[in-house]
Structures are given as C-alpha cells and as structure tokens.
1. Taking H placed 1.01 Å from N in the peptide plane, check which residues at least 5 places from I774 or on another chain put their amide H under 5 Å from its amide H.
2. With a/c under 1.5 counting as rounded, go ahead and sort segment 305-368 into rounded, prolate or oblate using the C-alpha gyration tensor (a ≥ b ≥ c being the square roots of the eigenvalues; past the cut-off, prolate if a/b is larger than b/c, else oblate).
3. May I ask which of K181/K416; K129/K419; K172/K267 have a Cα-Cα span longer than 25 Å here?
4. Pull up the cross-link candidates among the lysines for K123, meaning alpha carbon to alpha carbon under 16 Å and not fewer than 8 places away within one chain.
5. Starting from the Cα of D519, step 7 Å along the direction of its Cβ; do the same at K618; then give the gap between the two resulting points in nm.
6. Under 4 °C and 1.567 mPa s, how fast does segment 244-349 diffuse according to Stokes-Einstein, given a Kirkwood radius computed over C-alpha pairs? Answer in µm²/s, whole number.
7. Which lysines have a Cα lying under 16 Å from the Cα of K86, excluding residues fewer than 8 positions away in the same chain?
8. PRE reach from E154 (point 7 Å along Cα→Cβ): which of segment 328-353 fall under 18 Å by backbone N?
Amino acid sequence: MACPDVGFGAIQTCTGALSLCIKCGETKITLTNSHSHLQENMSRLRTLRESVEKTHAIYWFPGNAIEQWLSEVDQTDGNVRELSTKFSNLEKVIWKHVSRHGLIQEINTMSANIKDVIQKGEKMEHDLKMKNINRVVAQLPKPITIENVPALKEKLDRLIQYVNDDAHDTIKVHGISGTGKTVLLQHLNNHEAIANHKKFHIVIWLPASEFENRNKYQSTVAGIQRIISKRLGLCIGIEDDIGTISTKIRRELTDAKYLLLLDDVKKEKIDLGAIGIPNNTNGSKIIYTTYLPVSPFGKAVGVEMGMLSDADSWELFENFFKDMDDITDNDEITTIARDVAKLCGGYFALIEIVARKFASNKTPNSWRNGLEILKRPAEKRDIYMKQMEKFLHFSYHDGLDENQKKCFLFSLLYPKEHKIPVDCLFDCWAANGFLGNDLIGEDILGRLLELALLTKGSNGQYVTINKICRAATINLLQEHHEIKCLVVEEERENIQSYNWEDMHWISLVDSGVNVLSTDVRCLKLTTLFLRKQSKLENIWSSFFDHTKELIVLDLYKTKLELELPMSSLRKLKVLYVNGCAILNKLPFKIEGPNNMLEVLDIRGCLINEIPHDIKSLKRLRRLLVSINREGPLSRLMISELSSLKELIIDVKQNDMASNNTCCNEVIEDIIKNIDSLKELTTLQVHFKDESIDVIQLSGYTLKIFIPKQGSLQHILNERVNLYNALQVYIGSRMTSKSEIQMSIKVFSSFVLSCDQIVHDSVIERVLDHVKAIIMMKDDSVKHLDQIGLLSRNIHNCLVQRCNNIKTLILNNHGFSNLETLVLSECSQLEVLFSKNVVQKAMRIKHLEIRECSAIEEINMLSTSGGDILPTLITLVLDNLPRLKRICSDMNWPSLSTLEIRKCDELKELSLNRDLTMLRNISVERQWWENLRVADQIKQELKRQGIRNFL
C-alpha cells in the first residue's frame, strides 16, 4: 500500500514506509481537525448572518455596508462548501497519491478569513444596536383618523402617489393655517406604504416647532442638524460647529434613500448642503408643509389644502366620539352635533378643538347650550382668529374649573410651540397652589389634553401649545382678574415702561433683554421666567428686594453669576439654574431654618457634586443634580433631606459611551446613599446614552430597579407594605408590561429577576408581598425549587430564557399556591416535572410552554397515581418541535381550553375521558386531522362546536 503523501519515485524501506505512514496518519488527523474547525467557524458566521439581518430589520445603518458584508458572507459560504467537497473527495481516494498538505493550508487560510468576516459582522451589529434608531420610520403618536373623510383621504392618496412617482423629488403641501397640513404629514409618516414597502432607507420627521424660532442665536440650519443627528443616532457635542455636524450627517446618508418631512416651513431658502443632506438624486424625496408662498427647495409639485365641506366636516367631527355609544346612539345629540360641525367653517383645527370639547358632553341639554354659545356672532377682524378665540373661550370657560384655568394659562409663559417639560409644569402648579390638597398634576394635564388645549409630546415628557391656539388664548389672560401677566417674546427697548408693579407672572423667555432695572417694584410677582436669556449676564441683588412674594424663579441656560439674597426670597419654592454653564457653586446661601425651597435644579453647571449646604434644605422634595462619574459618590449630601421625594441625577462622564456594567456600578453607589430617604418615590439616573429609572411611583404601584439583589435593602427598608402594588426588577431595567410574556396577565405586583435570587430577610418580605415572579435570562437557575422554597405566596411564575433548566422538580415544599406557570424559550428544558421525585397534586390552573426547542416529554403523572394537575383549566403548547408525548391519564376535570401549535412530533392525545368542561380547542387543521384520537371523540368535539383551527 502506498502512502498518499509519498510521491511515485519515492524509495521506501520498511522502516521509511512505516515512518511515512505514521506521518500520513498525523496529517490526516490535522486535516480532519482543520476541517472541523472550519465548519465551526462557518456555523458561527451563518448564525451571525441571521442575527445581523434581524438587527438590520429593526435598526438603521448607512449606505451599502450591510449589503456588502452579506455578499461577502455568501461568497465565503460558497468557498467553504467547495473546500468541504474537496475534503470529502479526498477521503474517497485514499489509495491515490494525493497530497493533503495543500488542502490543510487552504482550509486554515479560509478559517482565518472567516474570523475576519465575523469580526466585521460583530462590529457592524454592535454599531447597529448602539444607534438604537428605527430602521425606516419612527412612528409618531397616532393622529385622528382621516380614512372616512373623502377630501383628506384624497389628499393623502395623492401624496402617496407623488411619493411613489420617481418623477417628483420635492413635494409641497400648502394652504392656510388650520386646514390639516400637519396631520396629513403625520399620516404619511406612519403610513404602511412608507414603512412596509421599504422604498426608503430612513424617514426623517422635522417638526418646525423644533428648529424654527426656537433660539434667535441658533440658525435654522443648526436646529435642523440637531434633529437629524438625533434621528441618525450621531453623537453631537455641544461645541461641534455646523461644518463638523454637516460632515457627520453627509457620511451617514451618502448612498441612502431618505424621505425628509419638514412641517411648517417659513424660510425662503434652506441650504440642504450646509445641513449635510446629499442631493436627492437617487430616489430620495423632500416633502414640506407651509402656509406661505415659499419654495426653499426649488421646483415642487403641490398638494393644496382647503376648507372641508359640511359633509367632510361632519365625518371628521364624528371621528372624535364614534366609540362613545351614549353620544352616537342619541338621535337628538347627533342632530345638534351636525350643526356644531357646520359652525367650524371647514377648518380642521377648529373641528378638532370643538369636537374634543363636546365629546365630554353626555346630555342633549349640554350639547344644546354649547351650540348656543358658538352661535354668538364674531366681531369684525380676522374671522379665523375670532372663531378660534370663540371656541377656545368656550372650552376654557365651560370646560375648566378655576384651578384648571390657572394651570392652562401658566403654559402661556413659554414661547409658542416651545417644548414645555411636564415635570416643570407640575412643580410650578404645585408651588402656586393650583393643585390644592386633593388634586394631582396628571389629572389636570389629562383634562387639558382631552380638550386639545395642549398637545402631548412624542415621548410624553413634554407638551406644547399650538401657535394659533396660543395666539388666540393670550386674550384670555386679559379677562382673568386674579392674575396679571407680562409675556415679552421679542427684544423691546421700552420693556421697562411696563407697569411691573401689578404683575403676578412675568416671562422674558428668550427675549434678548440684557438688563433688569433695579428701580422696578414687583410687589405682587410670584413667577419670573428668565430662561435662555443669553444676553442677561447679571441681576443686581437689589432687584430682589422688591420681589418678596416670588415663588418660582426660572434661570435655565442663562449666563448669570449671582448670589440670590434668600433673606428677600423667603417664599421661593422653585429654583431652576440648570444649564447655567458658568455656575460653579450654589447661587445662594442657606439663611436660617425657614427656607421654603422645595424644588432645586442645578444640572449642567460646573457643580460636580452635591454641595454640602444642601442638607439644610429641610423642605426640599425634588432635587435635580449633576455628579462627576470619577468623583467620590460617597459624598452625596442627601442623607438629611428627610422630605425628598424625587432625586434626578445626571452623571457626567468622559466621551466614552456608557455600558451596562459602568451604569450599574454608579447606580449601586447611589443606592447606598439613600437608606434614610424614606419619602423617596422617584430616583432617575441619566447617562449620556440613556436614562434609567431606579425608583418610580406610578399611581399606587412602587417600581424598583436594582442591578444586584443586595442593593434592595437600601431602598425598601420598611416601605414594602406602604403601597398597594410592588414591582421589583433585579438586573433588568424597568420595562413596559407589553415586553413581558403577558400569559401572566396583568399583575400589578411581581419580582422580575435576571440573577439568582438569594434568600435573605429583605427578599423574603418582598416575595411575601407579591403574587408573581418572573425569571428571565438567568442561567444560574437549574430548577424552580431554588425560588419556590423562598415563598409559598407565589401564585404566578414565568420562566423565560433560563437555559440551564432541564426539568422542573417542584418538590412538596415550594410553590404550594402556584396557579399560573409559563415557560418560554428555555432551550435546555427536556422534561416537564421530574419522574424520580414524588409529586403531589398541585393547584396549577394555567400551564403554558412556548418555544422550548428541546422538550420531548410533558410528564404529569404522579408516582402515587393520577395526575398532578387536577385543577388545570388552560393548557397552551406553542412551537415545541421535539415534543413527542404527554404522560397523563388526561383526568383533568376542570380543563376548559387547549391550544396546541407547531408541535409536529406530538402524534396523539389521550382524549378519552369526560370532556364536559372543555370549551375551546385551538389547533392547526392538518395536525388535528393526523392526530391519533378516537373518531368518536373528534365527532363529539365537532358536534359541540368547540374546536377552532389556527
């Protein structure tokens, strides 16, 4: 026998041949190992390819980078298959003189290439996730439906047609104010034709309220750049100039097909090149709305908006209360409603305001009274503005009580379409006594939103007031006898000529005022807004000698270096100096024990730690601060703030992006300092890339996030029994309930843990307080006894992605009251309930197993005889590809619902007992037809009509 690695001319001695054969054997082993290593690397690459594609479907990524990488993966995959074929063929021709050394070298080279491709893919996936941007469309809050309004539906259809027509790259939606241009653009942004057809790589929504007239000292170009940068997930520093940001945007959007939506454009010329937006010559499009005859982007095809007909007005009007049976089923109300809709004159904006107001009226008499008010003749002047004033007057006087009116009027202190922080509104409303003793800010805000007097922001953290609504509402201030207000929106030389002495509220926000006279006497002043006064560099302390009634002082983003005379400001409750970049110490000294300060915001200053004097503010209930990540967090001077309810901390870091480990370390350090803050109901920690809720009181539910279980003792103390519901997240950030498997239904109290729960006195009290436990992504859990022994009060348990669980032991001492058990994505789960443990009857009513790919058997038989689940009502089995049998005598007298999906290996069910309680079977038709069940059972189920095919 010739050795395959020996040439034809080789002279073989007995010893030499043996030596070569040994070498050949070693070479063969080396080749086999190299090929196995190649296959492992390629398997990793194929898995990564699937992951990158899924991630790319969610997140935006620029240019053709993804396509190029996927093409490289496909080419690599083909090359690997060729090498595998060579390897297989070589095994078949072992008697021939074929050299293995060359193939080993080829395989090793390919393995190295695969590693390079994997590294590219992993970096690409990391970059995708770091951007955290939706791939195509960032959905806006759902606007009112217009599908049943022919005129508006026709406009939207035409707009979609223009979008799909490659002949049009610039589209203008124009018409007078209040005709629904913004709503049309919102519908376009959310439309399935944009999101699902993948015509564009990314859609960018640019509301004019965020980039125009926001800052006189910031150009429109800079404003647009900031919004686009945020949408693209770019890291833009405060000091970055327009040119630098433009380069970053252009690099991101090069070769991308974008759809740019600009709402309410007023500029004659907007330089897209200066912004960084590449020319839209590759199918990209720009759509903008305007009520002025401007054409900032050159030639554009137009969609003109106008007044609605009476019929269309009614269809739109009815949409606001179509689900309210007590209105739609009342013929008398419907008749009045049609007359109300006509009075809106076909203006979309008026219809919205009036409809929202009338939707709260439930009786014909209230509708009739409202109609009479609206019929009062309008004065001569701008008929549109007068109509708006009349409708607002109606909503304001008839729809709000006195406190709600004051809260609404307070919003006028902010500039038009300004993002008004909700928490600031609540601070100021409370400080001014508008909330009383039994009102909460959320209720009043909800009423103002319901009447469309304010509009909710996209993230729920701010509200706005429509510019037309605000202009019409200003006159309402003149009618209010209790409150006199001065709102200066533009720089005026004669500002000092106003009679400040009678003013209760003064707002000079962004007005360019550079000096406040020390001669003015503001004896009644309770609220002073000086935010974003970049020209105002000093206020003489003597100015405050005549403002002794001042309650709210807003100095946000001013350049002031001052020390407030707190002896003159003894009633001051709310102070904002956040964003005062040159402020390096508290702008006041604590003077005496009677300081009234309740809210203090010193974020974004040069103060890098909580000042020592802060502990003297005994009435402080809300504190917002910045701390230095590298500083000693043990110096948090908050332990004596016994009244503190809310603590918001911005963590200053280096340019390095924060990671989970870094964030968790900071949070744990902060938590160690809050033991004594027994009133604390809100703790938020903000990093550069994210905001993390640590403590959050929502209604009567206390939510807590802790990185490690050991931190729980610093938060709970004796508070565990103070709230109706408790939610504890261990190692998992607070999440909306929709992100948790809701087979557990809607439970207000639960513990969600991504770490092994260790028995201690604190967790024992928590588990006694909650009824549900959720284990997620915890590979330290091997069986549920580790949890069940801690509490017998748990009624509901969800186990998700715990990949070390192979079977559920559930001995007699744990989970004695368990009623709901859900197992999801536990990849190593093989058998449900161990056979070698004596099982007693359990109280489980709902059992659900989903996407557990390894499970082969569901054992429900007790070693002492009978089923261990006699009270089972619902059984759900979903996507269990290896499940072959259910070991049970099917003696489930309470079983009502049986759902089975994607369990192809499960061939039979012992449905041969009493089925009187069974009300629903949801299965796949083909699986049911192939299932080995007695025909008489199937016929009986069919006769009872309780089968449902998925």
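The values are calculated or read from the model by the stated rules, or taken from the named source; none is laboratory data. In this text, all values refer to a predicted model and were calculated from it rather than measured experimentally. As a convention, Cβ positions derive from the backbone with ideal geometry for all residues, glycine included, and neighbour counts pool all protein chains shown. SASA here: full protein model, heavy atoms, side chains in, ligands and nucleic acids out. Shrake-Rupley method; radii C 1.70, N 1.55, O 1.52, S 1.80 Å.
1. V751, L752, S753, L798
2. Here segment 305-368 falls in the prolate category.
3. Beyond 25 Å: K129/K419.
4. K54, K115, K131
5. 4.2 nm
6. Roughly 74 µm²/s, to the nearest whole number.
7. Those lysines meeting the cut-off are K28, K96.
8. Taking a point 7 Å out along Cα→Cβ of E154, the residues of segment 328-353 whose backbone N falls under 18 Å are 346-348.
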